[in-house]
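Below is one structure, written out as structure tokens; the observations come after it.
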Amino acid sequence: MKKATLIIFIFIFCLVGIVYAQGAKDLYKAVKNAELSATGPRADFIKALNDAETEFDLFKDSQDAKKNPEFTNHIKKALGGLTTVQLSTDPNFILGFVLMEKQKGKGNAGPEPATRLKEGMEQARKELEFAKNFLNSRPS
């Protein structure tokens, strides 16, 4: 009886580790896919970003996310960078920037869209690299 209980306990422990690893890897892949889609058609990028945000929403409240806040934080920052990229490619944002520039004396439009796009991509790439290194440092 004790052997059976021990075997069941070990099996459950291993299964939980596998589920976490798979959930974290799926999340990383979704965010990486969004990052790679940023250079393609805007509609594809928005869909990939929405998919990655959904994966993150499912993962962030899990026990595994709470056990590994470093990984979760890097993914959150990468998504923040990609959201900046999405906003800076939005035609309405660009139009608003142009209008603010025409009315320089009435407000500050902030960094131009191209600068925001570059900064967002750099942030996403840097944070994804940290997340990848974290995943690779964990036993599989």
Practice prompt. Could you please tell me which pairs satisfy a Cβ distance under 7 Å, a separation of 6+ or placement on different chains, a first residue in the stretch 80-102 that is within 27 Å of PHE56 (Cα to Cα) and touching a residue at least 24 places away in the same chain (Cβ under 8 Å), and a second residue that is in a helix (DSSP H, G or I) and among the β-branched types (Val, Ile, Thr)?
Written response: GLN86/ILE46
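Would the stretch 48-58 turn up any residue that is of a type in the set (Val, Ile, Thr), modelled with pLDDT of 85 or more and touching a Leu at 6+ places or on another chain (Cβ under 6 Å)?
No, there is no match, as no residue in the stretch 48-58 is of a type in the set (Val, Ile, Thr), modelled with pLDDT of 85 or more and touching a Leu at 6+ places or on another chain (Cβ under 6 Å).
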Worksheet entry | Of all residues in the stretch 79-102 being farther than 16 Å from LYS47 by Cα and aliphatic (A, V, I, L, M), the one that is nearest to the chain's Cα centre (by Cα) | ILE94
Item to complete: Examine the stretch 63-70 for a residue that is without any contact (Cβ under 8 Å) to a residue 60 or more places away in the chain, under 9 Å from the mean Cα position of the chain (by Cα) and under 19 Å from GLU127 (Cβ atoms), and state whether such a residue exists.
Response: no
Worksheet item: Pick from the stretch 98-140 the residues that are modelled with pLDDT of 85 or more and among the small types (Gly, Ala, Ser): which of them is nearest to SER88 (Cα to Cα)?
Response: GLY120
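Quick check on the stretch 34-58: of everything there that is under 11 Å from the mean Cα position of the chain (by Cα) and crowded, with 18+ Cβ neighbours inside 10 Å, which residue is farthest from ARG116 (Cα to Cα)?
Filtering the stretch 34-58 for residues that are under 11 Å from the mean Cα position of the chain (by Cα) and crowded, with 18+ Cβ neighbours inside 10 Å, the one farthest from ARG116 (Cα to Cα) comes out as GLU55.
Looking at the stretch 21-111, what helices (runs of 4 or more DSSP H) fall wholly within it and have at least 2 residues that are among the aromatic types (Phe, Trp, Tyr) and more than 30 Å from SER137 (Cβ to Cβ)?
91-102
The values are calculated or read from the model by the stated rules, or taken from the named source; none is laboratory data. This one's a predicted model, so the numbers in the text were calculated from it and none came from an experiment. Please note: Cβ atoms are built from the backbone with ideal geometry, for glycine as well, and neighbour counts cover all protein chains shown.
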